[in-house]
1. Pro44 versus (1) surrounded by fewer than 22 Cβ atoms within 10 Å (Cβ to Cβ); (2) at pLDDT 95 or above: which is the lone unmet condition?
2. With respect to Thr52, is the statement that it is polar (S, T, N, Q) and at pLDDT 95 or above true?
3. Looking only at the range 17-41, which residues are at pLDDT below 95, surrounded by 13 or more Cβ atoms within 10 Å (Cβ to Cβ) and among the hydroxyl-bearing types (Ser, Thr, Tyr)?
4. Look through the range 117-153, keep the residues that are surrounded by 18 or more Cβ atoms within 10 Å (Cβ to Cβ) and among the polar types (S, T, N, Q), and return whichever of them is modelled with the highest pLDDT.
5. Quick one: Thr190 ticks every box in (1) touching a residue at least 40 places away in the same chain (Cβ under 8 Å); (2) over 22 Å from Asp77 (Cβ atoms); (3) over 11 Å from the mean Cα position of the chain (by Cα) bar one, so which box is it?
6. Could you tell me which numbered condition Glu59 fails, if it satisfies all but one of (1) surrounded by 17 or more Cβ atoms within 10 Å (Cβ to Cβ); (2) closer than 29 Å to Ser25 by Cα?
7. Of Ala70, Ala84, Ala93, which residue is modelled with pLDDT of 95 or more and within 25 Å of Phe48 (Cβ to Cβ)?
Amino acid sequence: MGALPRCQRAGCGRPPAYPGPVTSSPALVRAESLIRSIPDHPEPGILFRDITPLLADREALQATTEALVAPFRGSFDVVAGIEARGFILAGAAAIEAGTGFVPIRKAGKLPLPAASVDYALEYGTATIEMHDDLPAGSRILLIDDVLATGGTLAAGRRIVEQLGYRVAGISVLFEIDGLGGRDVAGDVHTVFHS
């Protein structure tokens, strides 16, 4: 997650700085400035968006967590996060919202997965799994770090619904525009765009 082949973005061939903020909130402007772009990671041709500096900054983490939750406040019972960076954001969001947290993990990581869904990535395929520990019909806010091509979030939506829960909303830290992710994932709230 967070990786984008350079040839799929404007300015192919030269690594740009992370684009400017898209919000007027001073706290979110500052938080977005902490996201850095790392070219050729984890492999040549990939531009990785590193949110580690944002996560390490209390004010930035708080501002982005509040922004992830705000449009859905009061409409969900629990927050689900997709492995791996989605865990961090979803855990913080669950605390912010006063709810519990449910992990959606990569295949083979849960002791008793109740369901699994296969999906395509920008550079391969993957499987996610989830437990069925919630009451039937629970309303889930699904959180991940990035919306790129939409496959991961669409799989997250499918697994939640497969287990008899309802997706109350989907929220991501940032969206990589122009890759058609919304066409695949559906309606998604994004804090930042690139």
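The values are calculated or read from the model by the stated rules, or taken from the named source; none is laboratory data. Keep in mind that this is a model prediction, so the values were computed, not measured. Glycine also receives a Cβ, built like all others from the backbone with ideal geometry; neighbour counts cover every protein chain displayed.
1. Result: Pro44 fails condition (2) only.
2. Judged against the criteria, Thr52 is a match.
3. Tyr18, Thr23, Ser25, Ser37
4. Of everything passing the filter in the range 117-153, Ser138 is modelled with the highest pLDDT.
5. The one condition Thr190 does not meet is (3).
6. (1)
7. On the way: Ala70 fails: within 25 Å of Phe48 (Cβ to Cβ); Ala84 fails: modelled with pLDDT of 95 or more.
None of the other options fit; the residue is Ala93.
Conditions tested, residue by residue: (1) farther than 19 Å from Val160 by Cβ; (2) assigned to a loop (DSSP other than H, G, I, E, B).
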| residue | (1), (2) |
| --- | --- |
| Ala67 | yes, no |
| Pro71 | no, no |
| Ser75 | no, yes |
| Ala94 | no, no |
